[in-house]
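The values are calculated or read from the model by the stated rules, or taken from the named source; none is laboratory data. All values derive from a computational prediction rather than experimental measurement. Cβ atoms come from the backbone with ideal geometry, glycine included; neighbour counts cover every protein chain shown. With ligands, DNA and RNA removed, areas are computed over all heavy atoms of the protein, side chains included. Shrake-Rupley method; radii C 1.70, N 1.55, O 1.52, S 1.80 Å.
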Amino acid sequence: MKPLDYNIYLIGFMGTGKSTIARYLNTVYGMETVEMDQIIARREEMSISDIFKVYGEEYFRELETSLLSEMQTKTNMVVSCGGGTPVRSKNVEQMKKNGRIVLLTASPETILERVKNSHDRPLLENNKTVSYISGLMEQRREIYEAAADIVICTDGRSKKQICDEIMEKLFNL
Ligand code: S3P
């Protein structure tokens, strides 16, 4: 595949499969992947949970914004955003400048199933219920949908099906 002259930004609620799909696009298309949470944790030498605990959410959000600025000079990357990255409108503006925004969705039940055994999401720790997930998802729905160039449902679908749909929709934009 010809290198893209833009970046693909994967957005969506926690547990919608952003990291998994980014890895798959890396394997299949050789696109370089940027896992925002992982880079932030590595640079700070702290887990995301500890960053939230020690410095607070706002500090973490600043780190996300500055990492996105670094992406402005790059192309043909798959950026797996944190679930809250698009909540700041300036982040969405940046993504739109040199990218296409792909929103991954899943039902609260699917999300609960995917996140129930992990402990690296401070916003869901002690809140792992369908009703909490639905509530936070509803608060963010409009923001996610307004940011997205394309929307892909991931419930019950394979990585290949999801990636094929992403590529098909991107090429038809
Ligand atoms: C967050 C999502 C997490 C991580 C942080 C906050 C959010 O990323 O950035 O815990 O606000 O939705 P994932 O969506 O990769 O779990």
In order through segment 117-123: 3J(HN,Hα) via Karplus (6.51 cos²θ - 1.76 cosθ + 1.60), integer Hz, x for Gly, Pro: 9, 9, 10, 10, 10, x, 6
Two pseudo-spin positions, 7 Å from Cα along C-beta at SER158 and at LYS116, lie apart in nanometres by 2.5
Starting at the first residue of segment 28-33, write each ³J(HN,Hα) from the Karplus equation 6.51 cos²θ - 1.76 cosθ + 1.60 with θ = phi - 60°, in whole Hz, x for Gly and Pro. 7, 10, x, 6, 5, 10
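How far, in nm, would the chain grow between THR27 and MET1 when pulled straight, counting 0.36 nm per residue and subtracting the alpha carbon separation?
Taking THR27 through MET1 to full extension adds about 8.1 nm, to one decimal.
Divide by every residue of the chain the summed helix terms, -39500 (n - 2.57) for each DSSP H run of at least 4, and state the resulting mean residue ellipticity at 222 nm, rounded to the nearest 500 deg cm²/dmol.
Numbers: 8 runs with 92 residues, N = 173.
That comes out to -16500 deg cm²/dmol.
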Please work out the average accessible area per residue across segment 50-140, using the 1.4 Å probe convention, and give it in Å². 49
Ignoring ligands, DNA and RNA, please state the percent of accessible area on the chain from carbon and sulfur, probe 1.4 Å. 49
Per the C-alpha gyration tensor (a ≥ b ≥ c, the square roots of its eigenvalues), the chain is rounded if a/c is under 1.5, else prolate if a/b beats b/c, else oblate; here it's oblate
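Which loop-located trypsin sites (Lys or Arg not before Pro) does segment 94-130 contain, where loop means any DSSP state but H, G, I, E or B and the Cβ has at most 16 other Cβ atoms within 10 Å? List each step's numbers first, then the result.
Numbers: sites: LYS96, LYS97, ARG100, ARG114, LYS116, LYS128; in loops: LYS116, LYS128.
Here the sparse-neighbourhood loop sites are LYS116, LYS128.
Cα gyration tensor of segment 1-60, axes a ≥ b ≥ c as square roots of the eigenvalues: rounded (a/c below 1.5), prolate (a/b > b/c) or oblate?
Values: a/c = 2.61, a/b = 2.25, b/c = 1.16.
Prolate shape, in that a/c is at least 1.5 and a/b is the bigger ratio.
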Once R0 is set to 35 Å, what does the formula 1/(1 + (r/R0)^6) return for the Cβ-Cβ distance between LYS128 and THR65, expressed as a FRET efficiency to the nearest 0.05? 0.80
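What is the packing order of peptides 117-125, 6-14, taking the mean over residues of other C-beta atoms within 10 Å and listing the highest first?
Working: 117-125: 14.3, 6-14: 24.2.
Going by the mean number of other Cβ atoms within 10 Å, highest first, we get 6-14, 117-125.
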Under 5 Å between amide H atoms, partner at least 5 residues away or on a different chain: which partners does THR33 have, H built in plane at 1.01 Å? VAL78
Mind checking which of PHE171, LEU103, THR65 is farthest towards the positive end of the chain's charge dipole, using Cβ charges of +1 (Lys, Arg) and -1 (Asp, Glu) about the Cα centre? PHE171
